[in-house]
1. For LYS166, give me every one of the lysines with a C-alpha distance below 23 angstrom, ignoring sequence neighbours fewer than eight places off in its own chain.
2. In whole percent, and with a 1.4 Å probe on the protein chains, what portion of the accessible area of region 207-252 is carbon and sulfur?
3. Using modelled amide H (1.01 Å from N, peptide plane; none on Pro or chain starts), what sits under 5 Å from the amide H of SER161, excluding residues fewer than 5 places away?
4. Enter the accessible area per residue of the chain (Å², integer; probe 1.4 Å; all protein chains in place).
5. Mind telling me which of GLU99, GLU237, GLU130 comes out most flexible in a GNM of the chain, alpha-carbon contacts under 10 Å?
6. Per residue of region 53-68, what does 6.51 cos²θ - 1.76 cosθ + 1.60 with θ = phi - 60° give for ³J(HN,Hα)? Whole Hz please, x for Gly and Pro, Karplus curve as stated.
7. Among SER244, SER67, SER41, whose mean-square fluctuation peaks in a Gaussian network model of the chain (Cα, cutoff 10 Å)?
8. On a 31 Å Cα-Cα criterion, which of the cross-link pairs LYS3/LYS61; LYS92/LYS208; LYS61/LYS197; LYS12/LYS208; LYS103/LYS207 come out too long?
Amino acid sequence: MAKHHYRDYILKELERRQRKNPSYSLRAYARDLEVPCSRLSEIINGKVGLSESRAMNLAVKLNLAPSEREFFVDLALSEHARSAVLRDMALKRVQAREEAFEKFGEEEFAVISDWYHTAIAEVLGLDGFEGTLENIGNRLGLSVEIVEKALERLETVKLISKVGDKWVPNNNNNKYSSSYGGSSQAARNYFMQMQQKANEAMDMGNKKRWDMGCTMVPTNLQKAREISKKIREFRLEIMQELQSVDTKDTLFALSTSFFELTETTH
């Protein structure tokens, strides 16, 4: 039995919007989610469930982070999937995520999983950057709604603080890094999202600066372990050199990949 429920996400977002606007009603919420008000009420009260497609659509409308969307859909599937096999598979994914939550905390898991949390914390440290919702969204290509929720989460885990109407990074803004491997599921989410960002940077119509290369080299497992260690040391050295400059006016991602291509026989 899952400890979380997809209805919790729906209610949590409603409460968040009502804190911003006390007159925000369930009818207005249903309108913004593009769901009939009567149906939304039935969903919240547990009278009707969600299909996979409806859950996916609602997760987008709720502005859930990518890792939250997956969890939201799995929660719906674990309860409402027509196939017992699909329900069981979804429940296992849900329980694995809940185990990670118990170890790291739900907010921390999202910070580790979803790329833009770290990006926001870092872009706030750029020279002369004013950390308003609009500036952050424009600089990182994010909607104001997504930025707003991410800022709330980053403040909860004490990576940033609000000063007046602007956000600033705290001194511990390197608490979560791209090499964080405490939760393999969170790490996989992060790296898959960063790979997508790398693909976007290489798009023909994109003017972002990038430098990428790939080669294949035959070796053995022992030497591969040694090289993996050297890559981690090299990554740390490059990061320190990049951060040592006096002027910081843009944000780059340093991503390294080293993996086995052949099928394992050892």
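1. Straight-line reach from LYS166, under 23 Å: LYS20, LYS149, LYS158, LYS175, LYS248.
2. 55 percent
3. Answer set, sorted by chain and number: VAL168, ASN170.
4. Roughly 64 Å² per residue, with all protein chains present.
5. Maximum fluctuation in the GNM of the chain, among the listed residues, is at GLU237.
6. 5, 5, 5, 5, 5, 5, 4, 5, 5, 7, 6, 6, 5, x, 5, 5
7. Looking only at SER244, SER67, SER41, the biggest GNM fluctuation is shown by SER244.
8. LYS92/LYS208; LYS12/LYS208; LYS103/LYS207
The values are calculated or read from the model by the stated rules, or taken from the named source; none is laboratory data. Because the structure is predicted, anything quoted here is derived from the model rather than measured. Side chains are part of the model used for accessible areas, which takes the heavy atoms of the whole protein and leaves out ligands, DNA and RNA. Shrake-Rupley method; radii C 1.70, N 1.55, O 1.52, S 1.80 Å.
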